1. Looking only at residues in the range 121-164 that are under 11 Å from the mean Cα position of the chain (by Cα), within 10 Å of the ligand (Cβ to nearest atom) and in a loop (DSSP other than H, G, I, E, B), which one is surrounded by the fewest Cβ atoms within 10 Å (Cβ to Cβ)?
2. Can you go through 66, 87 and tell me which one is more than 23 Å from residue 162 (Cα to Cα), more than 15 Å from the chain's Cα centre (by Cα), touching a residue at least 40 places away in the same chain (Cβ under 8 Å) and more than 13 Å from the ligand (Cβ to nearest atom)?
3. Out of curiosity, is residue 196 open to solvent by less than 70 Å² (accessible area, probe 1.4 Å) and part of a strand (DSSP E or B)?
4. I'd like to check something: does the range 229-242 contain any residue that is within 22 Å of the chain's Cα centre (by Cα) and touching a residue at least 24 places away in the same chain (Cβ under 8 Å)?
5. Among residues belonging to the range 253-282 that are among the aliphatic types (A, V, I, L, M) and more than 18 Å from residue 127 (Cα to Cα), point out the one that is farthest from the chain's Cα centre (by Cα).
6. Name the single residue, out of those in the range 115-163 being in contact with a Lys or Arg (Cβ under 8 Å, 6 or more places away or on another chain) and among the aliphatic types (A, V, I, L, M), that is farthest from residue 198 (Cα to Cα).
7. Picking from 254, 266, which residue would you name as being assigned by TED's automatic domain parsing to the domain that holds residue 191, open to solvent by less than 80 Å² (accessible area, probe 1.4 Å) and acidic (Asp, Glu)?
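The values are calculated or read from the model by the stated rules, or taken from the named source; none is laboratory data. In this text, all values refer to a predicted model and were calculated from it rather than measured experimentally. Note that each Cβ is placed from the backbone with ideal geometry, even for glycine, and that neighbours are counted across all protein chains shown. Surface areas here come from the heavy atoms of the whole protein model, side chains and all, with no ligands, DNA or RNA. Shrake-Rupley method; radii C 1.70, N 1.55, O 1.52, S 1.80 Å.
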Amino acid sequence: MIKDFEHFAPATLKEALALLAKYGDDCKVICGGQSLLILMRQGLVSPKYMVDIKGLTELSYIKEGKDGLKIGATTTHRAIEKSPVIKKKYPVLAEMENRLASIQTRNWGTIGGNICHGDPAGDPASVLIALNATLTVAGAKGTRSIPMEKFSLDYFEVDLKDGELLTEIQIPAPPPRTGAAYYKFNVIESDLATTSVAASVTLGSGDGVCQDVRIALGAAAPTAIRAKKAEKVLKGKKITDALLKEAGEVAATEAEPISDIYASEEYRLELVRVLVPRMTKEAMARAKKA
Ligand SMILES: Cc1cc2nc3c(=O)[nH]c(=O)nc-3n(C[C@H](O)[C@H](O)[C@H](O)COP(=O)(O)OP(=O)(O)OC[C@H]3O[C@@H](n4cnc5c(N)ncnc54)[C@H](O)[C@@H]3O)c2cc1C
């Protein structure tokens, strides 16, 4: 049962930050409530005060410029999935959102809420790591930037201090001949990943050598992680099937999955071995056409 709480609906980011500063750790941010309300119903979280930021339209936007893409934290999954500019220039984001939860959840849940929830099986984190995203967090004392790959600290724990809010996600414009791909393996449609892999590959002009590669794993460790050793196997080389297989094997040594009702640890490791080569190959094919 959800315990009583006082609900605030600030009209501006400034008001929201003032409320968070005033009520400190007795206070919780709520946006779409798609994840938080489940925890509250289970009695795992019982804040005395709730700062509801769903109405902060100043944080609901998708902007594209020379430097890349900016997404406000209260932007819904559905808005990202349907955005023409994202479909055209960052298609992997739209594809990821298309397989996240149901349309009802995507219509109300937000990208900011998803990342701040810190679920290692969440879809956006690994894609944003592969796309080299940076987050902006605001607090009473100002703002700071955090690379997405450093934001998740542990199971359901992220680098947000009391009084801070995630305000924006920035994704740099991809260099020429860059492609990205994402796949989540799940047993139940519209559900969280059993294990997922995102990859982004940049190829050299003409020679097809892998100039840069970023590989991220979801639901394969306490947080979404970057498989840096696997990337090293591929970077600076002409990618072959043998190298892709090796990258998959190496990525599995970087993963630390758990066994649960959905899959055993060994099954998840096998998914990493299979999906890392597959998604990197797909990213490479897209890079050739970019
Ligand atoms: C049926 C169902 C299926 C789902 N399937 C998937 C799935 O397949 N893949 C997937 O990735 N997710 C899935 N989810 C999770 C859910 O879609 C997301 O976690 C949701 O996007 C959270 O956003 P929200 O705005 O509802 O966040 P809320 O529930 O309001 O908040 C979540 C957490 O983030 C904090 N928070 C929210 N916004 C901010 C902010 N701007 N700054 C700081 N802290 C903030 C809150 O305090 C809370 O701790 C599913 C959820 C449901 C209910």
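1. Selected residue: 121.
2. It is 66.
3. yes
4. Scanning the range 229-242 turns up at least one residue that is within 22 Å of the chain's Cα centre (by Cα) and touching a residue at least 24 places away in the same chain (Cβ under 8 Å).
5. If we take residues in the range 253-282 being among the aliphatic types (A, V, I, L, M) and more than 18 Å from residue 127 (Cα to Cα), then 261 is farthest from the chain's Cα centre (by Cα).
6. The residue in question is 137.
7. Only one candidate passes the filter, namely 254.
Matching residues to (1) of a type outside the set (Val, Ile, Thr); (2) over 21 Å from residue 13 (Cβ atoms); (3) outside the structural domain of residue 33 (by TED's automatic domain parsing):
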position: 83; (1), (2), (3): yes, yes, yes
position: 93; (1), (2), (3): yes, yes, yes
position: 101; (1), (2), (3): yes, yes, yes
position: 110; (1), (2), (3): no, no, yes
position: 120; (1), (2), (3): yes, yes, yes
position: 127; (1), (2), (3): no, yes, yes
position: 146; (1), (2), (3): no, no, yes
position: 159; (1), (2), (3): yes, no, yes
position: 165; (1), (2), (3): yes, no, yes
